[in-house]
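Take a look at the structure below.
All of the numbers you see were taken from the coordinates with simple rules; none came from a lab. Please read these numbers as outputs of a predicted model, since none were measured by experiment. Virtual Cβ from ideal backbone geometry, glycine too; neighbours counted across all protein chains shown.
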Amino acid sequence: MTAAQRSKPGRSAPTPQGVADARTIEAAGRALDGRGKRGIPRMLPFLGPAFVASVAYVDPGNFATNIQAGSEFGYMLLWVVVASNLMAMLIQTLSAKLGIATGKNLAELCRLRFPRWVAVCMWVLMELVAMATDLAEFIGAAVAFNLLFGMPLLAGGLLTAVATFLILGLERFGFRPFEAVIAALVSVIAICYCIETFLDVPDFTAVIAHAVVPRLSGRESVLLAAGILGATVMPHAIFLHSALTQGRVVVADPKRLRRLFGFEVADVTIAMSIAGLVNMAMLVMAAATFHGHGYTAVATIQDAHKTLEPLLGRGASVIFAVSLLASGLSSSTVGTSAGQVIMQGFVRREIPIWLRRLVTLAPSIVVIALGLDPTRTLVISQVLLSFGLPFALVPLLMFTANRNLMGPLVNRRITTAAMTAITLTVLTLNVYLVLLTIRG
């Protein structure tokens, strides 16, 4: 008897966006049996979860870290973006696989398999991470409203909260409308950065070289590298992805289970490739436009917006603000959903979505009210997120390498080795950052 068969009777109730409608289930069944249309149409019932999770990889925190890295160091840290995205692909694949194989999400498995005090401590930590995540997303959208319409940051923040509620309300109609809106917002970000990149043609030779050759230059580059890692590989996305796949399509037969996983790998590959290219475009744009013209001190999103206009024209600054707004709204919505998954999984409790939205945006309101620098706050929040990563990566590695739990979808040795290397890299980078901070 496989792990999937054992877990099927006790499957946890998935989140609203993880519930499939009858038509999707029927289409998925035909695809898993090898019937029906071929190519992209056969994949459609399975596409979506990774696109929702990928929003975490193009949130305003990425804008802050990539713009600062590109303007200060040119193309030098591009390899960090590439490496982080490759790590993210493997991590999100394992997260999706965990939900498929066990019928439970990562937070639920932590509650069931760890001592109660460990699970509670992890829950508290992940709630703090959720607040740090929301800080980046909320402030990013507020800044975008300010740049586009000139409204005060506080008013932009409140408008962001309202827009988030409206998007979250789509969950009552099933997962497809919700996924469609999120995918549309991601498309807006991608299109905007395609335009931005080619408005000031980058040095493609330098782009290719720095994408594959690791290099750092001093403490600030290490801090930004950690920020890029924290902004790219985000803990809440790891927890969320396992929930998005845990009850979307339920199968027990090992052959169909492997085929289902194959479709999910394709979903992750497509979604994360788009997110990775957008991240690269952010840094490349900053390197070509700012660093390339001698503007090496563009350390804030507002400075980037202001500097773009004289360099590339009014249209470029508007496109930049639109992409930031799409990023802030989509990532803030997904972050709230992830918070619900984390709380339900760790402590088997849920609170009204509006209350969670109010609680997690409180730190953002405080930051705006105190007049702190939004971009520097975003960068530091991403560094804090990198410290939360091991508490998602270690259990993910443990569970997906457990044959009794995963059955036919257990990790291969090379997969476990790669995931172990990623986890150790994150831990080492975090220790190094602590030492740099202590030394002042």
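Which of rounded, prolate or oblate describes the range 3-408 when judged by the alpha-carbon gyration tensor and an a/c cut-off of 1.5? Working shown, then result.
Details: a/c = 1.70, a/b = 1.52, b/c = 1.12.
Since a/c reaches 1.5 and a/b is larger than b/c, the shape of the range 3-408 is classed as prolate.
Return the sequence-ordered ³J(HN,Hα) values of the range 198-211 in whole Hz as given by the Karplus equation 6.51 cos²θ - 1.76 cosθ + 1.60 applied to θ = phi - 60°, using x for Gly and Pro.
8, 5, 10, 4, x, 7, 5, 5, 5, 4, 5, 5, 6, 6
Taking 35 Å as R0, compute the FRET efficiency from the Cβ-Cβ separation of L427 and F165 and round it to 0.05. The partial results should precede the final answer.
On the way: r = 38 Å, r/R0 = 1.07.
Efficiency, from the Cβ-Cβ distance: 0.40.
By what distance, in whole Å, do the Cα atoms of the range 200-353 stretch along each of the three principal axes, largest value first?
The principal-axis extents, from largest down, are 58, 38, 34 Å.
How big is the charge dipole of the range 261-373 about its Cα centre, in debye rounded to the nearest 20, if each Lys and Arg gets +1 on its Cβ and each Asp and Glu gets -1 on its Cβ? Write out the running numbers ahead of the final one.
Details: 6 positive and 6 negative charges, 63 e Å.
For the range 261-373, the charge dipole is close to 300 debye.
Whole Å is fine, so just give me how far the alpha carbon centre of the range 48-107 lies from that of the range 320-369.
Taking the Cα centre of each part, the range 48-107 and the range 320-369 sit 18 Å apart.
Go through the range 28-127 and name the chymotrypsin sites (Phe, Trp or Tyr not before Pro) that are in a DSSP coil and have 14 or fewer other Cβ atoms within 10 Å of their Cβ.
Values: sites: F46, F51, Y57, F63, F73, Y75, W79, W117, W123; in loops: Y75.
Nothing satisfies the criteria.
Full-extension gain between L216 and T269, please, as 0.36 nm times their residue separation minus the C-alpha to C-alpha distance.
Details: separation 53, 0.36 × 53 = 19.08 nm, distance 2.82 nm.
That works out to 16.3 nm of additional length.
How about K97: which aspartates and glutamates have a C-alpha closer than 16 Å to its C-alpha, ignoring those fewer than 8 places off in the same chain?
Hits, sequence-local ones excluded: E108, D253, E264, D267.
Return the sequence-ordered ³J(HN,Hα) values of the range 264-273 in whole Hz as given by the Karplus equation 6.51 cos²θ - 1.76 cosθ + 1.60 applied to θ = phi - 60°, using x for Gly and Pro.
In residue order, the calculated couplings are 5, 4, 4, 4, 5, 4, 5, 5, 6, 5 Hz.
If you filter the range 135-232 for chymotrypsin sites (Phe, Trp or Tyr not before Pro), then keep DSSP loop positions with at most 11 other Cβ within 10 Å, what is left? Don't skip to the answer; put the middle values down first.
On the way: sites: F138, F145, F149, F165, F173, F175, F178, Y193, F198, F204; in loops: none.
Listed in order of number, the matching sites amount to none.
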